[in-house]
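The values are calculated or read from the model by the stated rules, or taken from the named source; none is laboratory data. In this text the structure is predicted, and so the values were computed from the model without any measurement. With ideal geometry, Cβ positions are generated from the backbone for all residues, glycine too; neighbour counts draw on all protein chains shown. Just the protein is used for accessible areas: all its heavy atoms, side chains included, with ligands, DNA and RNA removed. Shrake-Rupley method; radii C 1.70, N 1.55, O 1.52, S 1.80 Å.
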Amino acid sequence: QVQLVESGGGSVQAGGSLRLSCAASGRIFSDNTMGWYRQAPGKQRELVATISGGGSTSYADSVKGRFTISRDNAKNSVYLQMNSLKPEDTAVYYCAASFRLGNYWGQGTQVTVSS
C-alpha cells in the first residue's frame, strides 16, 4: 500500500557529503511522520532523523549538526543531507513512513565512508 524508494547512497571519503532521497507512493499522506534509519554490519537498526508532517525535526545525537532532514510534500519525498561524514556513518540507510500500526520501510541504500 505504501512504497518507499531510496536513492543517493554511495562511497565517499571522510569529511565528504551525500544527499539521500526517498520517494514515497501509495496510500501516504503529507501528515505522516517520515524518518531515516541506518544499520551498520553487526549492529541494530538505529534512528537517524525524523520529520513530522508539520516539519518538526529530531536527530540522533551522533548526527546533530552534520545531517539535515527535509521533505517536499508536493513531491512525496524526504531527503537527508549528510555533511562532514565519518567512517562510523557507514551503514545501510533506510527510509521509513510512520503509521499508527507501524512503519513502512524502503529497501535501503548503502553509504560507505572511508578514512
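Put simply, of 25, 30 the only residue that is surrounded by fewer than 17 Cβ atoms within 10 Å (Cβ to Cβ) and touching a strand residue (DSSP E or B) at 6+ places or on another chain (Cβ under 8 Å) is 25.
Select from region 68-80 the residues that are open to solvent by 30 Å² or more (accessible area, probe 1.4 Å) and hydroxyl-bearing (Ser, Thr, Tyr) and write down the one among them that is nearest to residue 48 (Cα to Cα).
Taking the candidates together, the pick is 68.
Against the criterion of being open to solvent by 20 Å² or more (accessible area, probe 1.4 Å), aliphatic (A, V, I, L, M) and touching a residue at least 24 places away in the same chain (Cβ under 8 Å), residue 113 does not qualify. Can you find a residue that is in contact with a helix residue (DSSP H, G or I) (Cβ under 9 Å, 6 or more places away or on another chain) and either surrounded by fewer than 12 Cβ atoms within 10 Å (Cβ to Cβ) or within 19 Å of residue 2 (Cα to Cα) (or both) anywhere in region 42-53? Yes, region 42-53 has at least one match.
Taking the conditions exactly as written (over 19 Å from residue 8 (Cα atoms), modelled with pLDDT of 95 or more and either within 11 Å of the chain's Cα centre (by Cα) or exposed (fewer than 13 other Cβ atoms within 10 Å of the Cβ) (or both)), does residue 65 satisfy them or not?
yes
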